[in-house]
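This report concerns only the one structure given below.
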Amino acid sequence: MMLCLRVTPPSLRPPQIQYGANKGKAYTEEEDRFILCMVHKLGYGNWDDLKAEIRKSWRFRFDWFFKSRTPQEL
């Protein structure tokens, strides 16, 4: 009998970010994931476009802390 294990290659695994004691004080895991995906889509350095995407996203419509960050803070 042969046992097959499904192993996800490292390139397809979600990023593992160690938050430590500061978890929840800056950005949540969902916000980090959104920022990473949008930076990949928009390109590194397009912070004004990233801010516009955050403001348009329905996911963060009530998250005033996240929506109020300046492009430099992102």
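Rounded to the nearest whole Hz, the Karplus-based 3J(HN,Hα) values (6.51 cos²θ - 1.76 cosθ + 1.60, θ = phi - 60°) of region 59-74 follow the sequence 4, 10, 4, 10, 9, 5, 4, 5, 5, 8, 5, 7, x, 5, 6, 6, with x at glycine and proline. Straight-distance candidates among the aspartates and glutamates for linking to residue 51, with alpha-carbon spacing under 16 Å and chain neighbours fewer than 8 residues away dropped: 30, 31, 32, 63, 73.
Note on surface exposure: 33, 55 rank 55, 33 by accessible area, highest first, 1.4 Å probe. With R₀ fixed at 30 Å, the C-beta to C-beta distance from residue 44 to residue 70 puts the FRET efficiency at about 0.95. The fraction of accessible area contributed by carbon and sulfur in region 29-68 is 55 percent, rounded to a whole number (1.4 Å probe; ligands and nucleic acids excluded).
The values are calculated or read from the model by the stated rules, or taken from the named source; none is laboratory data. Fair warning: this is a prediction, and the values are worked out from it, not measured in the lab. Cβ sites come from the backbone with ideal geometry, for glycine too, and all protein chains shown count toward neighbours. Side chains included, ligands, DNA and RNA excluded: accessible areas come from the protein's heavy atoms. Shrake-Rupley method; radii C 1.70, N 1.55, O 1.52, S 1.80 Å.
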